[in-house]
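J.: I'd like to ask you about the structure that follows.
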Protein chains: 2
Amino acid sequence: MNAVENNIKKKFGARVRTLRTEKGWSQEDFAFECGLHRTYIGAVERGERNVSLENIKKIADTFKIDIAELFRS
Amino acid sequence: MNAVENNIKKKFGARVRTLRTEKGWSQEDFAFECGLHRTYIGAVERGERNVSLENIKKIADTFKIDIAELFRS
């Protein structure tokens, strides 16, 4: 696992955490809305998950933003 | 697998194909540059793969664009 790959997971996780906390959602609320497990969301936010397209789409839809927005720094 | 999930894989695959062909790259050239297998790139372009963050990042880096650009329709 090189630094770049690790970085994208951390960067994505930090972005999800920022957007979630801006909305005032707990990980539990957010996970429920996404249809994903709370522990999975926690791992995503810590940069520990190599998230797939379909889950990226679920996360973006829950935030009601398009996927490109999720990757805007 | 619902239509929305299937759609994102097809949409992403079509976007990769458009960007690759605009550059005049064969699937083989592109796969080599990405460090991914040619058959994998073919499946991604047909919307058959639930591509992960790390491979999305490899694809974007090979196109020398940021990931957000990959998801712009």
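The values are calculated or read from the model by the stated rules, or taken from the named source; none is laboratory data. This is a predicted model, so every value here is computed, not measured. Glycine also receives a Cβ, built like all others from the backbone with ideal geometry; neighbour counts cover every protein chain displayed. We work out accessible area using only protein heavy atoms, side chains counted, and drop any ligands, DNA or RNA first. Shrake-Rupley method; radii C 1.70, N 1.55, O 1.52, S 1.80 Å.
J.: Can B:Glu54 be described as at pLDDT 95 or above and surrounded by 20 or more Cβ atoms within 10 Å (Cβ to Cβ)? Full working, then the answer.
T.: Details: at pLDDT 95 or above: yes; surrounded by 20 or more Cβ atoms within 10 Å (Cβ to Cβ): no.
The answer is no for B:Glu54.
J.: Here's a follow-up. In region A:36-46, what residues are away from chain B (no Cβ under 11 Å) and open to solvent by less than 70 Å² (accessible area, probe 1.4 Å)?
T.: Within region A:36-46, the first condition is being away from chain B (no Cβ under 11 Å), and the residues that meet it are A:36-43, A:45-46.
Once the filter is applied, which keeps residues that are away from chain B (no Cβ under 11 Å) and open to solvent by less than 70 Å² (accessible area, probe 1.4 Å), region A:36-46 yields A:Leu36, A:Tyr40, A:Ile41, A:Gly42, A:Ala43, A:Glu45.
J.: Can you say whether A:Glu5 is part of a helix (DSSP H, G or I), within 12 Å of chain B (Cβ to nearest Cβ) and at pLDDT below 95, as far as the supplied structure shows?
T.: For A:Glu5, the condition - part of a helix (DSSP H, G or I), within 12 Å of chain B (Cβ to nearest Cβ) and at pLDDT below 95 - is met.
J.: Would you mind finding the one in A:Arg72, A:Arg49 that is modelled with pLDDT under 95 and part of a loop (DSSP other than H, G, I, E, B)?
T.: Values: A:Arg49 fails: modelled with pLDDT under 95.
Only one candidate passes the filter, namely A:Arg72.
J.: Residues in region B:15-22: is at least one in contact with a Cys (Cβ under 9 Å, 6 or more places away or on another chain) and surrounded by 15 or more Cβ atoms within 10 Å (Cβ to Cβ)? I'd like the intermediate steps shown before the answer.
T.: Our first condition is that a residue be in contact with a Cys (Cβ under 9 Å, 6 or more places away or on another chain); within region B:15-22, this holds for none.
The answer is no, given that none of the residues of region B:15-22 is in contact with a Cys (Cβ under 9 Å, 6 or more places away or on another chain) and surrounded by 15 or more Cβ atoms within 10 Å (Cβ to Cβ).
J.: Write out, first by first residue and then by second, each pair whose Cβ atoms fall under 6 Å of each other, whose residues are 6+ apart or on separate chains, and whose first residue, in region A:47-64, is more than 8 Å from every other protein chain (Cβ to nearest Cβ) while the second is open to solvent by 60 Å² or more (accessible area, probe 1.4 Å) and part of a helix (DSSP H, G or I).
T.: Short answer, once both residue conditions are applied: A:Gly47/A:Lys10; A:Thr62/A:Glu33.
J.: Can you name the number of the only condition in (1) open to solvent by 20 Å² or more (accessible area, probe 1.4 Å); (2) within 13 Å of another protein chain (Cβ to nearest Cβ); (3) assigned to a loop (DSSP other than H, G, I, E, B); (4) not basic (Lys, Arg) that B:Trp25 fails?
T.: (2)
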